[in-house]
Amino acid sequence: MIRVPRNEASAKIVHAMVENEVAPLFIGQDPSHVRELHDRAVSRTVAPESKEQFLFAIAAVDAALWDLLGRAAGMPCHRLWGTQRDRVPAYAMVGWLNLNLDEIKANCERALRLGFHNMKLKVGSSTLEADVERVTAARAVLGKDAKLMVDANEAHTVDEALRRGRAFSELGCFWFEEPIAAHDFDGYAELVRRLPIPVAAGENLLGFDEIKDFVTRTGVRIVQPEYRRVGGPTAMMQIAEWVAQRDLSWCSHGGGPVNLNLLCALPNAAWFETGFGDGRHPHVEQGHALAPRGAGFAWEEPAPGSLSRSRLA
Ligand SMILES: [Mg+2]
């Protein structure tokens with residue numbers, strides 16, 4: 001697997017992908033055929049080293065089309081798709097690895113004041129002892145009943161993930177996210193077999209096919225697709241249906257209105273992840289994110305009125 005660095009040049013590549021490879025597939029088409037257009041784009045053959053940027057580009061256009069249709073209808077996308085729930089269990093990401101214990105505690109207190117009950121903390125420090133200190137500091141603020149997820153962002157070998165996962169289980173953590181490299185499917189299968197704590201992963205997998213392959217081969221039961229890395233909201237609909245047929249649950253990777261609209265409409269949605277430092281998060285009540293009320297993928301604004309175009313220009 002080739003991992004392309006995520007930097008400014010990468011964003012420029014995605015932009016070029018949209019302009020040169022993806023937009024031509026959509027221009028002149030009826031935007032209400034978004035699922036057909038999406039599937040046609042995804043079926044195109046692309047070099048492995050360009051796959052991530054290609055899926056990001058499809059996701060950008062796919063999300064824009066759903067946003068357009070929602071705004072034209074004057075309703076949030078979750079209503080357009082058929083709302084399943086008007087609120088979703090939410091958790092706040094409170095602790096990047098560079099934060100010290102006091103900063104972690106302050107973030108936990110602030111998130112509690114905003115209405116969050118449950119939190120996620122980055123782990124994968126240089127020592128297990130440092131990770132334990134972080135978890136213990138957060139737990140002291142949250143209390144024993146809150147769910148505390150931990151996320152290592154692919155930091156460990158399988159052996160080290162087993163050691164740390166057992167410790168996180170004893171500390172009452174709710175799940176252990178991305179303990180090892182995202183594409184080490186055999187390693188994930190071993191962790192699922194041997195760890196007493198649920199393993200969560202999926203944010204770095206590319207496309208519906210890779211999600212299916214990963215879940216089938218590893219037994220991971222908490223799936224976290226990144227909607228841009230799988231090809232957009234339409235791909236998320238396909239993934240959610242597939243996950244639901246297997247009685248698994250899926251969670252958003254990250255926050256934002258696209259993810260929250262998806263979670264409010266699709267089956268077996270479990271958790272909405274969000275930051276909160278910049279104020280760009282939904283209304284939260286008693287640990288739940290409330291469904292967006294803005295048209296399309298807007299957060300809360302009233303519908304701007306219907307759009308007259310029926311063809312893409
Ligand atoms: Mg993560």
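Derivation of every value follows stated rules applied to the coordinates shown; laboratory data play no part. All values reported here derive from a predicted model rather than from experimental measurement. When we count neighbours, we look across all protein chains shown, and the Cβ atoms used for this are built from the backbone with ideal geometry, even at glycine.
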Fill in the blank from the handout: Within the set GLU36, GLU154, GLU109, GNM on the chain using Cα springs under 10 Å gives the largest fluctuation to GLU36
Fill in the blank from the handout: Between ARG193 and TRP96, Cβ-based FRET efficiency (R0 45 Å, step 0.05) works out to 0.90
Handout entry: Label-point gap, in nm, between ASP30 and ASP145 - each point 7 angstrom along Cα→Cβ
Key = 5.3 nm
Exercise for the section: Under a cut-off of 12 Å between alpha-carbon atoms, report the aspartates and glutamates in cross-link reach of LYS212, not counting same-chain residues fewer than 8 places apart. Expected result: GLU241
Exercise for the section: Quick one: order GLU133, GLU8 by neighbouring beta-carbon count within 10 Å, fewest to most. Expected result: GLU8, GLU133
Completion exercise
As a percent rounded to 5, the proportion of antiparallel DSSP bridges among beta bridges in the chain is 20 percent
Problem - Contact order normalised by residue count of region 11-61, Cα under 8 Å, 6+ apart, percent - result: 61 percent
Completion exercise
Partner aspartates and glutamates whose C-alpha sits under 14 Å from that of LYS147, ignoring same-chain residues fewer than 8 away, are GLU170, GLU177, GLU273
Handout entry: Highest-MSF residue in the chain out of ARG229, ARG194, ARG71 [GNM, Cα springs under 10 Å]
Key = ARG194
Problem - On Cα atoms only, tilt of 128-142 relative to the major axis of the chain in degrees - result: 80 degrees
Completion exercise
Long-range alpha-carbon pairs in region 1-154, meaning those over 22 Å apart, account in percent for 62 percent
Practice task
Whole number please: convex hull volume per residue, Cα atoms of region 32-122, in Å³.
Solution key: 150 Å³
Completion exercise
the chain, Gaussian network, Cα under 10 Å: of ASP145, ASP278, ASP184, the residue fluctuating most is ASP278
Practice task
Any chance you could list P(r) for region 171-313, counting all Cα-Cα pairs in 5 angstrom bins from zero, rounded to whole %?
Solution key: 2, 9, 18, 19, 18, 14, 10, 5, 3, 2, 1, 0
Handout entry: Formal net charge of residues neighbouring MET237 (Cβ-Cβ distance under 14 Å; K, R +1; D, E -1)
Key = -3
Handout entry: Residues in region 273-300 reached by a label modelled at LEU114 [backbone nitrogen below 19 Å; 7 Å Cα→Cβ]
Key = 273-294, 298-300
Handout entry: Packing-based exposure ordering (other Cβ within 10 Å, fewest first) of SER125, SER32
Key = SER32, SER125
Exercise for the section: Quickly work out the GLU129-to-GLU49 label distance, labels modelled 7 Å from Cα along the C-beta direction, and quote it in nm with one decimal. Expected result: 4.4 nm
Handout entry: Three principal axis lengths of the chain [C-alpha, angstrom, descending]
Key = 58, 42, 39
Completion exercise
Contact order relative to length for the chain, counting C-alpha pairs under 8 Å separated by 6 or more residues, stands in percent at 24 percent
Exercise for the section: Can you tell me the relative contact order of region 90-173? Whole percent, Cα pairs under 8 Å, sequence separation 6 or more. Expected result: 31 percent
Problem - Percent breakdown of C-alpha pair distances by 5 Å bin, ordered from the shortest bin, for region 8-73 - result: 3, 18, 29, 24, 14, 8, 3, 0
Practice task
Could you name the aspartates and glutamates whose alpha carbon sits less than 18 Å from that of LYS51, not counting residues in the same chain fewer than 8 places away?
Solution key: GLU8, GLU19, GLU21, ASP39, ASP62, GLU203, ASP209, GLU210, ASP213, GLU226
Completion exercise
By Cβ neighbour count within 10 Å, fewest first, MET236, MET149, MET75 rank MET75, MET149, MET236
Completion exercise
To the nearest 10 degrees, the tilt of helix 233-245 (Cα long axis) against the first principal axis of the alpha carbons of the chain is 60 degrees
Practice task
Would you calculate the separation in nanometres between label points at LEU171 and ALA73, each defined as 7 Å from the Cα along the Cα-to-beta-carbon direction?
Solution key: 4.4 nm
Exercise for the section: Please work out how much length the chain gains when fully extended from GLU103 to ARG217, using 0.36 nm per residue of separation minus the C-alpha to C-alpha distance, in nm with one decimal. Expected result: 37.2 nm
